[in-house]
Each structure stands twice: as structure tokens, then as C-alpha cells.
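Peer 1: Please read through the structure below; I'll follow up with questions.
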Amino acid sequence: MQKEIELKVPTSYADITLRKWLAMSKDMANYKDEEEAVTALMFMHLCGLDLEYTQKLSVESYNILKAELLSFMNNTDLPLQRIVTIGGIEYGFEPNLSEMAYGAYSDITAFKNLTIDDNWSKIMSILYRPVTNKRKSGLYSIKTYDGKMEYEKFLDVPMDVHFGTLFFFVRLSMDLLNFTLNSMTQMEFPANLKQILEKSGTLIPQSYLSPMETLRKSTK
């Protein structure tokens, strides 16, 4: 007796929450060298297809489903969304990082890595705070940081917002790296320093996106 299954296939990162992404990443960490297992976990977490049914898919359905996910998952370099709405409340990204409150800066730097992991929702709750004032010019003010991290609500924010924030810092890091490398042409440093900095610049996005790299390998 055949069973009919209805799948909800995401068409963009706006359809995937951080909660779902973290759950998938944790499961995938145990099978990162097993492409079939990684693909099955993608189907389960992102499309709601139980693992027992993956093997029963036709080759055509299997490839179509994988192609649908790959169509948008290859692009994680998304723009920063300065204002997002959560539960009917507008939250604004820190308007001026150079004037960020010391408490906010201290709490963010207390985390070992700036990457999408279990601490990412806490970082987001520091960077995004309720908007207190908006002007027609597009400028806005946000609530003063009080040390309270309402991070749970960011678990249900879609990944296009999270990737947009992450890549803002990736681009910022790369710009700072390039500036440092350019300034070195007029200064004397150890011979291998330039190579070390260039290597570090390459590793920045790689370390942030290790779960994404696993996904890409599984779709080759």
C-alpha cells in the first residue's frame, strides 16, 4: 500500500529558521564524510522527509529535490537587513558599530567565534535591539543595551537575516585585511607576515561556513 507524502520544500533562506539550521548542522557534523547521509539529513530537516522514505524516492524525485535546495543554497552572501520584524516588533541592527556601548562590545567579544553556532542567537540579540525612533531619512535609533539577551526569539528568525549579518562581518574582516596588506607595502615586516595574513583572510569565511561546505560537497 502506497503512502502519499506532502513535502514543503524551501525556495530560499527566508524559509529556513536558525533553529532548523542549527539542528541540521549538529546532525550533519556526525556524517560530514558521508554524502548520502548528509543529503538525507537535508531532506529531513529542510523538507520534512523522514529518513526512512529517502531511500524509497525515485532517482528523478531525489535529483529534483536536491536541485531545488541547491538552487538557492549555493548563495549565502546575502545583504545585511538593518531592520527586521519579530513578533510584531521592529529590531534594528546596531546603527554605529564604532560607538557601540562597551557592555555590548564586551559581551560579543566574550564569545570565542563569530560564527553561526549555538551562541549566534545571543550575538544577534546584542546586535539587533528594539527600534525606538525612525526618521524619514532612513536613520533610526535602537534601545540602549542593558545586558539582557532575548536570544530565544532569534532562533525563529530566517537564515537570510542571519547570513546577511554574518557576511557583513566577513566582508568587513576582508576589507580590514586588504587595508592591512596594502599598508604593508610602505613598511618593513617579517618576510612571512603577508602570507600569514592572506591565509587568515581565506580561513575567515571557511571557518564560518563549514556546515555550508558540507552541504555543497553533498550536492556535487
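Each value in this text was obtained by applying a stated rule to the coordinates, not by laboratory testing. What you are looking at is a predicted structure, and each value in this text was computed from that prediction instead of being measured. Cβ coordinates were reconstructed from backbone atoms using ideal geometry, including for glycine residues, and neighbour counts include every protein chain displayed.
Peer 1: Taking the Cα-to-Cβ direction at residue 67 and at residue 146 and moving 7 Å from each Cα, how far apart do the two end points lie in nm?
Peer 2: 5.3
Peer 1: Figure the gain on full extension for residue 23 and residue 55 (residue separation times 0.36 nm, minus the Cα-Cα span) and round it to one decimal in nm.
Peer 2: 9.4 nm
Peer 1: A follow-up question, please. Can you compute the FRET efficiency between residue 109 and residue 11 using 1/(1 + (r/R0)^6), with r the Cβ-Cβ distance and R0 = 35 Å? Round to the nearest 0.05.
Peer 2: Approximately 0.45, to the nearest 0.05.
Peer 1: So which aspartates and glutamates pass the test for residue 56, namely a Cα distance under 20 Å, with those fewer than 8 places away in the same chain ruled out?
Peer 2: Residue 56 reaches 4, 6, 34, 35, 36, 68.
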